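None of the figures in this text is laboratory data; all of them are computed from the coordinates on show. Please read all numbers here as calculations on a predicted model, not as lab measurements. Reconstructed Cβ throughout: ideal geometry from the backbone, glycine too, with neighbour counts over all protein chains shown.
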């Protein structure tokens, strides 16, 4: 039954997403989520005999491993150095802003409103907040033919912020997941073990892939290494996310200039992973949770937005970014996407978050639907204000031809 | 047929660029030779140390026209650099005394259209174009058909 359902989710999700995008102009992820919602146990899923969704967990772990690998390998050290302080400062600002504001607002909200979970919950959901959806930003930049310093900053930020987000999330999870008493050694192993193992497996995978000329064989090595590492992390108790990111980073580092062959085959899997993430997230939909916790969802949405916008603007100013960047950079950071959904799904499957996992997935899913629409409008507003719309390439000044 | 023999019959000079040249320079070089699909990167000792395909260069220069990017492509788009950082270091070469049929499969698998011929010092002697191999194969088949018909 589960295999049949996965097939239906992939095909129908893609159809929903593509048709929605074509006829209504909404991002594909909206269609993926809505299709998943239809199959939630509280809706059609119940009638079809789908009463549990725990079986999705191993797939979520592997899929997150694939995404973390790609994020870890997205930039070389020299490229990171060339990014410039404007991009780095804005990114640190927005990540710090989102984490702090969401943590404080949701945490205080929990104290003031009785049925909102406590500080641990606030910390974990704050750690999910800084991730963004590069696809949404790139789509806006492409649609409006944007070009200029703000556009470059936005593209740089969305390329690296998920890496920071995953690091923060992994550290938070290592701290709150360790339990009282032996928290420090467990947290150290969770982080250190992941990084060391990831680097070693990355080195071995890179050396092995040098001997393979066929892309199909390299794909086996790369996906095999990711799955192996995710499995090893479960057996040895370290962070699968950090390990997979370290795997990507290390493979990129040891490959020298020739990194394309190590990432291009795996990049082909990214959309498949996101269709699974978004439809699985939709399947966690619980109408009563969304209704009962509507104030919390709105609280998270506004706190995240304020933290991202304010943090990015402050970070850009401190880093000495041009005025046009510092004043508008925050507006392009709102869309929340697959990485946030994946992290929320990971929590939903963890026994440590048995009480709050479903709530977290519903909050992140609902706000993803909101930010995918509002986030594009906000990014367009920022680009227009910066005067960077219709500035790209040979089409500059030739709109409508 | 051995690579050296093929090169004598079908001499094609390699298009090359220094590894510290700009991507723009590499693109201009390639555009000056429309039939060439691969540009070979040379180090200071004039040894082949990498290659860049036409598709890769076009992808980098036309990135702003693409509606979707991976994170890796985003970083590449905003941190332009020299040829050294974008070239593929793994160049599958053929030695003059090697048979083309022994190396063709690997080249086809890697989706490259030119096969560089290099000597023992990794200096490039010429290029075997897959398009020329295809042309030769078709001519051979047609000749066989004509012989059969006769």
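Side notes on the structure shown:
- Sorted by Cβ neighbour density within 10 Å, fewest at the top, the residues A:300, A:69: A:300, A:69
- Look at where the Cα atoms of segment A:81-96 and of segment B:86-150 average out, and the two centres are 47 Å apart.
- Distance between the C-alpha centres of segment A:346-360 and segment A:280-301: 14 Å, rounded to the whole angstrom.
- As a proxy for reagent exposure, ranking B:33, A:213 by other Cβ atoms within 10 Å from fewest up yields B:33, A:213.
- Annotation: peptides B:134-143, A:339-348, ranked by per-residue average of other Cβ atoms within 10 Å with the highest first, follow the order A:339-348, B:134-143.
- Exercise: per-residue mean of other protein chain Cβ atoms within 10 Å, A:153-165: 3
- Helix B:130-149 and the long axis of chain B differ in direction by around 20°, with both axes built from C-alpha atoms.
- Mean residue ellipticity at 222 nm, helices only, chain A: -25000 deg cm²/dmol; runs of at least 4 DSSP H residues each add -39,500 (n - 2.57), and the sum is divided by the number of residues.
- Taking every C-alpha pair closer than 8 Å and separated by at least 6 residues, the mean separation divided by the residue count of chain A gives a relative contact order of 29 percent.
- Peptide B:76-88 has a mean shielding of 5, counted as Cβ atoms of other protein chains within 10 Å of each residue's Cβ.
- Most mobile of A:49, A:382, A:349 in a GNM of chain A (Cα contacts under 10 Å): A:49
- Segment B:1-68 versus segment A:225-276: alpha-carbon centroid distance in Å: 30
- Segment A:270-401: relative contact order as a whole-number percent, Cα under 8 Å and 6+ apart: 28
- Considering only chain B, percent of DSSP beta bridges that pair antiparallel, nearest 5: 75
- Helix B:100-109 and the longest principal axis of the Cα set of chain B meet at an angle near 40°.
- Here the simple spin-label model places points 7 Å from the Cα toward Cβ, and for residue A:18 and residue A:104 these points are separated by 4.7 nm.
- Descending semi-axes in Å of chain A, equivalent ellipsoid built from Cα gyration tensor: 29, 27, 24
- Neighbour-count order for A:367, A:132, fewest beta carbons within 10 angstrom listed first: A:367, A:132
- When you restrict to C-alpha pairs under 8 Å that are six or more residues apart and normalise by the size of segment A:1-96, the relative contact order lands at 14 percent.
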